[in-house]
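Here the structure comes first, spelled out in structure tokens, and everything after it is commentary.
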Amino acid sequence: GGPSENVYYLDGVEIPVLNHFSTQGAAGGPTGMLNVSFIEDATLTSSAFGAKYDNPLSAVLQFKQRDGNPDRVQGNFRVSGTEVALTTEGPVGNKTTFLASARRSYLEFLFGAIGLPIRPNYWDFQYKITHKINAKTTLSAIGLGAIDDFYFEAPKDATPENLYVLSSNPGINQWNYTQGFTLKRLVENGFWNLTFSRNMYDNKLDQFTDNFDGKQSDESKRTLKLRSQEIENKLRFDHNTYYGNWKLSWGAGLQYVKYNNATQARIRPEIRDSVGNLIQPAITTSFTTAIDFFKYGLFGQISRTFLGEKLGVSLGIRADGNSF
């Protein structure tokens, strides 16, 4: 399925955006945000996904991160053809470990040096902190965020056709983050998780006439101004119990979501004659919207393995509602 049809989880926390320069409403993008050195395991479920996951249409992709080194502080600094990155990890006291990384691209300088008109630039940040409260209880915090900036500069040998193409595309400025906390408690024959997370996506599009001179701020030449935000606050509880080859899980979730958008677009510029008299005025359109509502859901699932765990059978049920 397309990026908007898949759901992504990082240590049990849903991450709506995991790529740089993503298309709003989808998670797709040309460059991944996740630090692959953090990943311990990844599981893709492309059908019959578990009932605890809400809103998947095609697949659920789950990433599990490792914990930081509990013995000593260590790290590395990497330089590649497109970016630089710093990663550190280690203990904080006797019961806490951390993983952290920061990355910055230098594609805008590279593309400028070889004469390409695009100027992409991004930062991303990721961390995980794990604290063992006692032998049965663990609290973990994860974070993932990015800053994306994309604009155009015309090369010296640009043709009129090249300039027209550049001026027909907006510059992009985005930032997003996901922050999650998970409390895990071992109980008799199983465990439960309580997860709270918040994610936010801020998207700005700016387009000007002659949009090939780099970043502009001349409002008289503006043809598009878009400001939008998507904000989600999520609370989920799931309980898992094992009885031999049987597994029983159940839980509930509550979300408070918001969406804001303010868009102004010039459909047609004003037209004047050779002496400056106005023939036709400019046509512009603008709108604003602000939506917020609650989402809630309940689920239950029972599963069992057969033939030495070579065959698994599960049955789940889920109910969802919202106040939109």
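The values are calculated or read from the model by the stated rules, or taken from the named source; none is laboratory data. Keep in mind that what you see is a predicted model, and the values were worked out from it rather than measured. Please note: Cβ atoms are built from the backbone with ideal geometry, for glycine as well, and neighbour counts cover all protein chains shown. With ligands, DNA and RNA removed, areas are computed over all heavy atoms of the protein, side chains included. Shrake-Rupley method; radii C 1.70, N 1.55, O 1.52, S 1.80 Å.
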Where does each of 90-103, 10-23 land if you order them by average Cβ count within 10 Å, highest first?
10-23, 90-103
So, in Å, what gap is there between the alpha-carbon centers of the stretch 75-129 and the stretch 27-62?
22
Name the shape class, rounded, prolate or oblate, that the alpha-carbon gyration tensor gives for the stretch 9-79, where a ≥ b ≥ c are the square roots of its eigenvalues, rounded holds for a/c under 1.5, and otherwise prolate holds if a/b is larger than b/c and oblate otherwise.
oblate
Would you calculate a helix-derived [θ] at 222 nm for the chain, using -39,500 (n - 2.57) for each DSSP H run of n ≥ 4 and dividing by the full residue count, to the nearest 500?
-1500 deg cm²/dmol
Say the cut-off is 29 Å between C-alpha atoms; which of Lys204/Lys295; Lys95/Lys310; Lys64/Lys247; Lys132/Lys295; Lys52/Lys258 go over it?
Lys95/Lys310; Lys132/Lys295
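Which sequence of Phe111, Phe208, Phe181 reflects their accessible areas, 1.4 Å probe, from the largest down?
Reading off the accessible areas and sorting them downward yields Phe181, Phe111, Phe208.
Run the numbers on the stretch 254-324 and let me know its relative contact order in percent, using alpha-carbon pairs under 8 Å that are six or more apart. Could the numbers behind the result be given before it?
Values: 120 pairs, mean separation 21.7, N = 71.
Over the stretch 254-324, the number comes to 31 percent.
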Could you sort 250-260, 184-194 so that the peptide with the highest average Cβ count within 10 Å comes first and the rest follow in order?
250-260, 184-194
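When only Cα pairs under 8 Å and 6 or more residues apart are kept, what is the percent relative contact order across the chain? Kindly include the intermediate steps, with their values, before the conclusion.
Values: 807 pairs, mean separation 34.4, N = 324.
Here the relative contact order equals 11 percent.
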Please sort 297-309, 165-177 by packing, taking for each peptide the average over its residues of neighbouring beta carbons within 10 angstrom, highest first.
165-177, 297-309
Where Lys and Arg each count +1 and Asp and Glu each count -1, what net charge lies around Leu116 among other residues with Cβ under 13 Å from its Cβ?
-1
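So what's the net charge close to Ile39: Lys and Arg +1, Asp and Glu -1, counting the other residues with Cβ under 14 Å from its Cβ? Spell out each step's value before the answer.
On the way: positive: Lys64, Arg66, Lys128; negative: Asp11, Glu40, Asp41, Asp67, Glu89.
Computed value for this residue: -2.
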Classify the chain as rounded, prolate or oblate, taking a ≥ b ≥ c as the square roots of the eigenvalues of its Cα gyration tensor: rounded when a/c is under 1.5, otherwise prolate if a/b is larger than b/c and oblate if not.
prolate
